[in-house]
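Let me begin by presenting the structure, written as structure tokens, before commenting on it.
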Amino acid sequence: MKLAIASDHRGFELKEKMTRFLKAKRIRILDCGTDSEESCDYPDYILKAALAIRQKKVDRSIGICYTGIGSAIMANKVRGVRAALVQNVRQAELSRAHNDSNMLILGAGFVRPAQAKKIVATWLKTKFEGGRHARRVHKIARYERKK
């Protein structure tokens, strides 16, 4: 599996911890920045990670900012991206099982590193259930194609 990961300055520390965690699991990483805690704008980096999904450079992506809200809004502007702002393991599981999320958004100000590792591990291992959920995901995709 190959993942893109991106953050702004307030998510940088958690991004670095998640990158080490993922590499230890032998997951290939495309780091879309930022590279420091110097103030920057999250859309610049989150967009790169979202586009990596659309361009099929990666299987999935992770985005991190302080609240996660802006990152989720930005990522979901990219056609084909289903970004889920997740704050607990159950949301991570359901975002994959029911929504086939392909981008995980974390709020570094609201999710501690130990919890983030559990969230990411659950998100990575959970499969999309399909069935009635596939019908709903297809409706979203159909709407996106009309835009």
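The values are calculated or read from the model by the stated rules, or taken from the named source; none is laboratory data. Remember, it's a predicted structure, so these values are computed and weren't measured experimentally. Cβ placement follows ideal geometry from the backbone for every residue including glycine, while neighbour counts extend to all protein chains displayed. With ligands, DNA and RNA removed, areas are computed over all heavy atoms of the protein, side chains included. Shrake-Rupley method; radii C 1.70, N 1.55, O 1.52, S 1.80 Å.
From the list 41, 8, the one residue that fits, being over 13 Å from the mean Cα position of the chain (by Cα), crowded, with 17+ Cβ neighbours inside 10 Å and among the acidic types (Asp, Glu), is 8. Within segment 101-116, no residue that is within 19 Å of residue 48 (Cβ to Cβ) and at pLDDT below 95 sits with its Cβ atom under 8 Å from a residue that is in a strand (DSSP E or B) and open to solvent by 50 Å² or more (accessible area, probe 1.4 Å) at 6+ positions apart or across chains. The single residue among 68, 131 that is crowded, with 21+ Cβ neighbours inside 10 Å and either free of Cβ contacts under 8 Å to residues at least 12 places away in the same chain or over 14 Å from residue 4 (Cβ atoms) (or both) turns out to be 68.
Residue 92: at negative phi, buried (at least 23 other Cβ atoms within 10 Å of the Cβ), among the aliphatic types (A, V, I, L, M) and outside any loop (DSSP other than H, G, I, E, B), yes or no? Here the answer is yes, as residue 92 does meet what is asked.
Condition first: at positive phi, open to solvent by 30 Å² or more (accessible area, probe 1.4 Å), out of contact with any strand residue (DSSP E or B) (no Cβ under 6 Å at 6 or more places or on another chain) and basic (Lys, Arg). Can you find one or more residues in segment 49-56 that meet it? Please lay out each step first, then the result.
So in segment 49-56, the residues at positive phi come out as 56.
So of that shortlist, the ones also open to solvent by 30 Å² or more (accessible area, probe 1.4 Å) come out as 56.
If we keep only those that are out of contact with any strand residue (DSSP E or B) (no Cβ under 6 Å at 6 or more places or on another chain) too, we end up with 56.
Adding the requirement that they be basic (Lys, Arg) leaves 56.
Yes, segment 49-56 contains at least one residue that is at positive phi, open to solvent by 30 Å² or more (accessible area, probe 1.4 Å), out of contact with any strand residue (DSSP E or B) (no Cβ under 6 Å at 6 or more places or on another chain) and basic (Lys, Arg).
Those residues that are closer than 18 Å to residue 11 by Cα, surrounded by 18 or more Cβ atoms within 10 Å (Cβ to Cβ) and among the aliphatic types (A, V, I, L, M), I need them from segment 107-126; list them, please. Those that are closer than 18 Å to residue 11 by Cα, surrounded by 18 or more Cβ atoms within 10 Å (Cβ to Cβ) and among the aliphatic types (A, V, I, L, M): 108, 111, 116, 119, 120.
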